[in-house]
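The values are calculated or read from the model by the stated rules, or taken from the named source; none is laboratory data. Since the model is a prediction, treat every value here as computed from it, not as a measurement. Don't worry about glycine lacking a Cβ; one is built from the backbone with ideal geometry, like all the others, and counts go over all protein chains shown.
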Amino acid sequence: MNIHAISAIYRFEMNRMWRTMGQSIVSPVISTSLYFIVFGAAIGQQMGAIDGVSYGAFLVPGLVMLSLLTQSVSNAAFGIYFPKFTGTIYEILSAPVSAFEIVLGYVGAAATKSLILGIIIMLTATLFVDLKIAHPFWMLFFLVLTAMTFSLLGFIIGIWADGFDQLQIVPLLIITPLTFLGGSFYSIKMLPEFWQTVTLANPVLYLVSGFRWSFYEISDVSPQISIAMILVFLGICTGIVYWIFKTGYRIKS
């Protein structure tokens, strides 16, 4: 394995985060803090506890997952699209670097950025609510695998996109709505039975539910199903990336 190549790609992408600190870290943290203030402090005081958890604390896993999903996709998509846009992707492809090493560098950096942001948001949440983590191992499990999976998805989007506008289509029009409708701000048990059944078709529900279970041991679906779903998503994204490099889809033409 070419450790130097992986390290070079990884450090280049991480340096981009430090250069754009305001956009990469500060802006999402401020936005999430506003969610805590408006929904947790203002609206939350008018709502009762959900399964014994205060509404403000109930929001935390959903807000972390919302930021994690959108930032993972955006970071990885832009990271691989920019060298494709400038043409430097061909220098990378012609270098003695395998497809696995290229993906590891870009996806590893995108996932790391998202994990840093997720941890900062959780630390920020402690300023507003009494945050408790019942299962730290499983919390990290969901956090890391979700960041990796959606960074892979972002990598796929970056390869597929023909323009900068297309980089935002999936995060804004698909990922964010699915997260909002996936139980981030409420339990699906609060919905009518018909809409509970419809919501079960939302894949993000399983990620949010499993992540929330790791905090408070409450969930809308079985934690085992949530774990299985994230592994399935990871396998699908890995398979698509393998196919992209095997066929050269939009990277060798």
Within the range 187-210, is even one residue within 19 Å of the chain's Cα centre (by Cα), more than 30 Å from GLU91 (Cα to Cα) and of a type in the set (Lys, Arg)?
-> no
Quick one: would you say VAL97 is of a type in the set (A, V, I, L, M, F, W, C), out of contact with any Asp or Glu (no Cβ under 8 Å at 6 or more places or on another chain) and under 18 Å from TYR242 (Cα atoms)?
-> yes
How many residues does the range 47-71 hold that are under 23 Å from LEU140 (Cβ atoms) and part of a helix (DSSP H, G or I)?
-> 16
Does the range 144-152 contain any residue that is farther than 19 Å from SER67 by Cβ and out of contact with any Leu (no Cβ under 7 Å at 6 or more places or on another chain)?
-> no
What about ILE133, is it at pLDDT 90 or above and assigned to a loop (DSSP other than H, G, I, E, B)?
-> yes
From the list LYS84, LYS113, which one is over 20 Å from the mean Cα position of the chain (by Cα) and basic (Lys, Arg)?
-> LYS84
Kindly indicate whether ALA41 is under 13 Å from ALA125 (Cβ atoms), part of a helix (DSSP H, G or I) and at pLDDT 85 or above.
-> no
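Conditions tested, residue by residue: (1) of a type outside the set (Lys, Arg); (2) over 21 Å from ILE240 (Cβ atoms); (3) touching a Phe, Trp or Tyr at 6+ places or on another chain (Cβ under 8 Å).
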| residue | (1), (2), (3) |
| --- | --- |
| MET14 | yes, yes, no |
| VAL29 | yes, yes, no |
| ASP51 | yes, yes, yes |
| ILE80 | yes, no, yes |
| ALA111 | yes, no, no |
| SER114 | yes, no, yes |
Name the residues in the range 83-104 that are in a helix (DSSP H, G or I) and exposed (fewer than 14 other Cβ atoms within 10 Å of the Cβ), would you?
-> THR86, TYR90, GLU91, SER94
In the range 95-107, is there at least one residue being more than 17 Å from the chain's Cα centre (by Cα), of a type in the set (Gly, Ala, Ser) and under 30 Å from TYR35 (Cα atoms)?
-> no
Could you pull out every one of the helices (runs of 4 or more DSSP H) wholly within the range 158-227 that has 2 or more residues that are closer than 22 Å to LEU145 by Cα?
-> 176-180, 203-216
Could you please find all residues in the range 176-218 being surrounded by 22 or more Cβ atoms within 10 Å (Cβ to Cβ) and either of a type in the set (Ser, Thr, Tyr) or farther than 24 Å from ILE133 by Cα (or both)?
-> THR179, SER184, TYR206, SER209, SER214
Do you know which of the residues in the range 11-38 that are closer than 30 Å to SER98 by Cβ and either charged (D, E, K, R) or more than 18 Å from the chain's Cα centre (by Cα) (or both) is surrounded by the most Cβ atoms within 10 Å (Cβ to Cβ)?
-> GLU13
Count of residues meeting criterion [in contact (Cβ under 8 Å) with a residue 24 or more places away in the chain, over 15 Å from the mean Cα position of the chain (by Cα) and surrounded by fewer than 18 Cβ atoms within 10 Å (Cβ to Cβ)] in the range 219-241 = 3
Within the bounds of the range 151-165, is there any residue that is within 20 Å of ILE218 (Cα to Cα), small (Gly, Ala, Ser) and buried (at least 17 other Cβ atoms within 10 Å of the Cβ)?
-> no
Name the single residue, out of those in the range 228-253 being part of a helix (DSSP H, G or I) and among the polar types (S, T, N, Q), that is modelled with the lowest pLDDT.
-> THR247
